[in-house]
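Report on one structure; see the data block that follows.
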Amino acid sequence: MSSVNDRGTKKWTAMMIPEHEEMLQQMWDEQKYKEKPILDEQKQFEINSKLQLAINNDLTVEVEYYDHDVHDFQTIKGKLIMVDNLARVLRFDDASSTVVSLNDVMEVVVD
């Protein structure tokens, strides 16, 4: 079912050139983007503690992080190879050796 706002768009798209349609589609896609929240010091400390616990005890973690390419949150689950505080990245022990920026980590769950 279409909304009232769609009626105007559908009415005028027949008269638009393809470049305008592409710009409209891009605008609609950008409206769906999620912003990365800013974590307070307490949350950052909690995340770092969980990561250290997981790396020291070889535990599986589930990490939720902000993906700048898709402007949305992603989740990865696996074992950590390394927490590199100097380069500010996490390295996972998976087939593609996934690397996640520590600055983008939003939540950590230790299994």
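Taken together, the values in this text are just the output of simple stated rules run on the coordinates, not laboratory data. These figures come from a predicted structure and were not determined experimentally. Cβ atoms come from the backbone with ideal geometry, glycine included; neighbour counts cover every protein chain shown.
Yes/no per residue for (1) surrounded by 15 or more Cβ atoms within 10 Å (Cβ to Cβ); (2) touching a Ser or Thr at 6+ places or on another chain (Cβ under 8 Å):
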position	(1), (2)
Asp40	no, no
Gln44	no, no
Asn57	no, no
Phe73	yes, no
Lys79	no, yes
Met82	no, no
Asn85	no, no
Asn103	no, no
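Set side by side, the residues Met82, Met106 differ, and just one is within 24 Å of Asp29 (Cβ to Cβ), of a type in the set (A, V, I, L, M) and in contact with a strand residue (DSSP E or B) (Cβ under 9 Å, 6 or more places away or on another chain), which is Met106.
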